[in-house]
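Novice: Please see the structure below; I have some questions.
Just so it is clear, none of the values below were taken in a lab; they were calculated from the coordinates. Computed from a predicted structure; not experimentally measured. Note that each Cβ is placed from the backbone with ideal geometry, even for glycine, and that neighbours are counted across all protein chains shown.
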Amino acid sequence: MGGTAVNQRQRLPGLCVTGTDTGVGKTAVAVALVRRLAACGVPVGVYKPVASGTSADDPHGDPRRLWEAAGRPLGVAAVCPQVFRAAVAPAEAARAEGRAVDDALLRSGVDVWRRVSDVVVVEGAGGLCSPLSDATLVADVARELGHPVVIVDDSRLGCIGRTLATVHAARAFGLVVAAVVLSDVTPPPAGDARAAAVDDPRRIAAAAREFLAARLAPLPVLRLAHGAAAIEPEIDWLALCRLAPVPTDSAGGQR
């Protein structure tokens with residue numbers, strides 16, 4: 001897909017939260033990020049181009065969680081204008097309902113936030129290379145909206161490889177990577193009996209963060225603890241929202 005949308009209308013500053021895969025804690029990170037920006041007095045828009053495996057009235061669905069975190073601006077339908085019930089890829093979920101994902105709306109749906117927000121946090125579906133429709137990947141929308149990306153992975157065994165691969169993929173797509181967040185999707189083991197064991201999940205997560213911080217410096221490598229409300233350590237998220245996109249040519253290629 002072409003990367004010309006940023007040039008066609010003024011870019012709304014923001015961030016795109018994406019993951020290495022599905023189920024890696026992406027929404028928890030997006031919610032924490034939105035809450036932090038809102039707590040600083042910043043009017044925050046929240047946008048999820050498409051969601052499957054949920055419904056517009058699901059109190060635990062991603063769109064409503066984002067909407068609540070932002071202070072309930074506009075309505076849930078503005079957060080995610082395309083919602084499908086089947087828990088499969090959006091295009092397949094849409095076909096199951098006799099519908100189709102609207103590719104133009106994937107991009108233009110964010111425009112409603114321009115009049116009420118200073119920044120917008122966009123949450124993709126699945127991983128960076130996951131399809132939002134038969135023709136559009138998460139990476140395509142992030143590039144065309146001009147948003148730097150925050151890459152999320154579950155802080156379990158394998159997160160180093162998954163995260164580095166996604167960072168490299170993002171840069172190959174011409175995206176600016178703003179930060180990496182390792183999310184503790186599962187609770188820590190009860191008690192401290194295994195704390196010294198080499199395969200203790202806490203040790204694996206800490207070692208992974210240390211390795212990634214050294215390998216990706218000066219890129220921030222952060223943590224969202226299981227059940228925590230805030231990403232640590234605290235950084236200037238608003239400044240990251242305002243990072244300039246990588247210039248692209250009319251075909252979407254990096255200059």
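Novice: Enter the angle in degrees (range 0 to 90, nearest 10) between the Cα long axis of helix 201-216 and the first principal axis of the Cα atoms of the chain, meaning the one along which they spread out most.
Specialist: Value to nearest ten degrees: 60.
Novice: Can you tell me the 0 to 90 degree angle between the C-alpha axis of helix 159-172 and the longest principal axis of the chain, rounded to 10?
Specialist: It is inclined by approximately 30 degrees.
Novice: Hey, if you drop one equal point scatterer on each alpha-carbon of the chain and run the Debye formula without solvent, what base-10 log of I(q)/I(0) do you get at q = 0.13 Å⁻¹?
Specialist: Here log10 of I(q) over I(0) equals -0.78.
Novice: Also: Quick one: which residues, 5+ away or cross-chain, put their amide H under 5 Å from the amide H of V181? H built at 1.01 Å from N.
Specialist: For V181, the qualifying residues are I151, V152, D153, L222.
Novice: Run through region 97-153 and list the GluC sites (Glu not before Pro) located in a DSSP loop whose Cβ has at most 16 other Cβ atoms within 10 Å.
Specialist: Sites meeting the loop and neighbour criteria: E97.
Novice: Let me make sure I get this right: for region 17-142, a, b and c are the square roots of the gyration tensor eigenvalues over alpha carbons, sorted descending. Under 1.5 in a/c it's rounded, otherwise prolate if a/b > b/c, else oblate. Which is it?
Specialist: Judged from the Cα gyration tensor, region 17-142 comes out prolate (a/c at least 1.5, a/b above b/c).
Novice: Report the antiparallel proportion of the DSSP beta bridges in the chain as a percent, rounded to a multiple of 5.
Specialist: Antiparallel bridges make up about 10 percent of those DSSP assigns within the chain.
Novice: While we're on this one: Under the rule of at least 5 residues apart or a separate chain, name every residue whose amide H is placed under 5 Å from the amide H of V46.
Specialist: V121
Novice: How would you rank 229-238, 106-115, 147-156, highest first, on the average number of other Cβ atoms within 10 Å across their residues?
Specialist: 147-156, 106-115, 229-238
Novice: Give, as a single signed number, the net charge of other residues whose beta carbon lies under 15 Å from the beta carbon of A91, with Lys and Arg counted +1 and Asp and Glu -1.
Specialist: -3
Novice: With label points built 7 Å along Cα→Cβ from the Cα atoms of S55 and E210, find their separation and express it in nm.
Specialist: Here the answer is 4.9 nm between the modelled labels.
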